[in-house]
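Notes follow the structure.
The values are calculated or read from the model by the stated rules, or taken from the named source; none is laboratory data. Computed from a predicted model, the values in this text were never measured in an experiment. Methodologically, a virtual Cβ is constructed for each residue, glycine included, from the backbone with ideal geometry; neighbour enumeration extends over all protein chains shown. Accessible surface areas use protein heavy atoms only, side chains included; no ligands, DNA or RNA. Shrake-Rupley method; radii C 1.70, N 1.55, O 1.52, S 1.80 Å.
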Amino acid sequence: QVQLAESGGGLVQPGGSLRLSCVVTGTNFFNTFVMQWFRQTPGNQRELVATITTSSNTNYAESVKGRFTVSRETATKTVYLQMTDLRPEDTAVYYCNRLGVSYAWGPGTQVTVSS
């Protein structure tokens, strides 16, 4: 029932910025979900990037601290990932999901950082 739809990816130059969105549908309990952002590149495991709790407390992977900001918007049931100072190493497909449940993965959104 719950579906996840990531969007907002694209091609950016190093140092650029991008904002990703994760729209959650099929539930009236979005506000009870702890949400997370992940990323994955070919040949690598899915990597946890950021977490946001129901109280909007946040945690980040060391590699993105100071550059990425995760937030949530109740009215639209959306989780955002604001990415700044992007680096080639940030290139990946980005996904969102719920902590402790793991719904079916959405399509992800491709972020490519290239000069």
Inset, instruction - Identify the chymotrypsin sites (Phe, Trp or Tyr not before Pro) of region 11-64 meeting these criteria: DSSP loop state and at most 12 other C-beta atoms within 10 Å of the C-beta. - result: F29
Legend entry - Sparse-neighbourhood loop sites, GluC sites (Glu not before Pro) in region 1-105 - DSSP loop, at most 16 other Cβ within 10 angstrom: E62
Inset, instruction - First select every other residue whose beta carbon is under 15 angstrom from the beta carbon of T78; then total the charges, Lys and Arg +1, Asp and Glu -1. - result: +2
Inset, instruction - Hand me the trypsin sites (Lys or Arg not before Pro) from region 48-115 located in a DSSP loop with no more than 13 other Cβ atoms within 10 Å, in residue order please. - result: K65
Inset, instruction - Just read off the accessible area of S71 with the full protein assembly in place, 1.4 Å probe, to the nearest 10 Å². - result: 50
Legend entry - In nm, spacing of pseudo-spin labels at V101 and R19 (7 Å Cα→C-beta vector): 2.5
